[in-house]
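Written below as structure tokens is the structure these notes are about.
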Amino acid sequence: MIVNSVSSGLSAKKMSFKGTESIWTTAKTNIENAANELGYGKSLINQLVYPERELSGFVHVGGIDEPIQVFRTQHNTALGPAKGGIRMMPAVDGETVRGLATDMSVKNSLAGLPLGGGKGGIRFDSAKLSPAQRVDLFRAYTRFMAPIIGPNMDIPAPDMFTNAGDMDIIMDEYSKVVGHNDPGVVTGKSLMNGGSLGRQEATGLGVVHTVEEALLKEGILPNRATAAVQGSGNVGGVAAKYLHEKGVKVLGMSDMYGAIYNKKGLDVPEVLSEIKQKGTLTKYAKAAKISNEDLLKLNVDVLVPAATQGQITEKNAGSILAKIIAEGANGPTTPGADKILQRRGIHVVPDVLANQGGVYVSHLEHIQNRTRDIWPLKTVLDKLAVQMKSRYNEVFTYSIRNKVSMRKAATMLALERIANALKARGRIV
Ligand code: GLU
């Protein structure tokens, strides 16, 4: 099992990845570019860009002097209840949450799910919480958000620095508020509390399915391919593991503290167990230490940015040597960098496509909760593979047919679905 930074107690504050551009600016620009291509008018574009509802306030946890700011944005619910994770980091603010929620509307629509987009945030460093305070915080978050969350309204899930245990607490507290057991309020729970088999590995494995498709299009055999993965948590760590399993040589990996490189290929399972034991990969002996910036510029076939937003910028986009970039993180590429990558002919699998495996299996979890069914792992993983491969090919075909980038194609497809739903509901102003 992959240990993420939450359970290893590392601090989000020490992160060496620094996002440069606001994820809201990135999300907004991506929608505007795609909507312009579709010929949409200003008022429809505004309806697609601006969120429907936002709630923010402060909660208080015993033993912590500071008030803790909490957020939830429900971006667009034309297709169904809002859905998206909760991020806990000191740098989280309203704009970050809004940008991430916007991405979720696009992602869920592209995934063909009966779900809208939402996101939550907690502006706090998780490393400062004792286990008991952490439970108190998630109970407080749930009571605060109880009027606007629920299985038919808005369904949270984990995101950076939140985990299955936190989701169990949300489920428990929400069940107390409504007076009956309601596992469908949240996804990404532990298995014993209604979580789904396969949810934990869904995002990283889903990224790898899209990499396999992209390699096929580029005419590169997986066992001849090389890769670099930025981030070793629940997305990057899992992606590295499956790339390695499928025969791709992973030459570089990184975590919050730095990056490592071995030109012959890393023993990924060994690196992952090192992270589990020591909390970081930077002490791994069988590789050279490099900077995070150098990791992005490695001469590999596939680059998987799976750390955080704003990593590929106008500054480094010109030096990226990878032929394929599969975005495991949300918003790792700024709009300026995206133009450079496109000009250079790099095959970018955008975040809303590459990392949709997480929310897709969240949806499968939600179905199991609502039908009180439990599906075998194989059922979930088979569905995930079909979903990722078919969505990838849908976007690829659309991008060729309309002569637009994969990102623009993905966003256009997603916006068309939302706009059609708004239209059919008579909600276009
Ligand atoms: N936080 C994940 C994402 O950004 C998953 C969201 C979910 O499962 O609802 O896609």
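Side notes on the structure shown:
- Convex hull volume per residue for segment 51-196, taking Cα atoms only, in Å³: 98 Å³
- Here nothing in the chain passes the span test, since no DSSP H helix has an alpha carbon length of 30 Å or more along the helix axis and a Kyte-Doolittle mean of 0.0 or above.
- For segment 114-183, the spread of Cα positions along the three principal axes, ordered from largest to smallest, is 35, 27, 19 Å.
- Measure of compaction for segment 193-266 (Cα Rg per 2.2 N^0.38 Å): 1.16
- Radius 12 Å from Cβ of residue 230, net charge of other residues (Lys, Arg +1; Asp, Glu -1): -3
- Centre-to-centre, using Cα atoms only, segment 62-103 and segment 165-241 are separated by 19 Å.
- Put in order of Cβ neighbour count within 10 Å, fewest first, the listed residues 201, 274 become 274, 201.
- Neighbour counts of other Cβ atoms within 10 Å put 28, 286, 246, 403 in the fewest-to-most order 403, 286, 246, 28.
- GNM remark for the chain: springs join alpha carbons under 10 Å apart, and the peak mean-square fluctuation among 164, 306, 228 falls on 164.
- Volume per residue that the Cα convex hull of segment 200-354 spans, once the total is divided by residue count, Å³: 92 Å³
- The value for segment 270-429 of Rg(Cα) / (2.2 N^0.38 Å) is 1.26.
- GNM flexibility winner over the chain from 190, 130, 175 (Cα, springs under 10 Å): 130
- In angstrom, the C-alpha Rg and Dmax of segment 55-136 are 14.2, 44.
- Helical runs (DSSP H, four residues minimum) scored at -39500 (n - 2.57) apiece and divided by the length of the chain put the mean residue ellipticity at 222 nm at -14000 deg cm²/dmol.
- Each listed q (0.07, 0.08, 0.09 Å⁻¹) maps to a log10 I(q)/I(0) for the chain from the Debye sum over equal C-alpha point scatterers, namely -0.30, -0.39, -0.50.
- Gaussian network model of the chain, Cα within-10 Å springs - most flexible of 407, 98, 143: 143
- Placed amide H near residue 250: partners under 5 Å, 5+ positions off or other chain: 227, 266
- The ranking of 60, 347 by Cβ neighbour count inside 10 Å, starting from the fewest, reads 60, 347.
Bear in mind that the values in this text are calculations on the coordinates, not laboratory data. Being a predicted model, the structure only gives us computed values, none of them experimental. Positions of Cβ are backbone-derived with ideal geometry, glycine not excepted, and every protein chain shown enters the neighbour counts.
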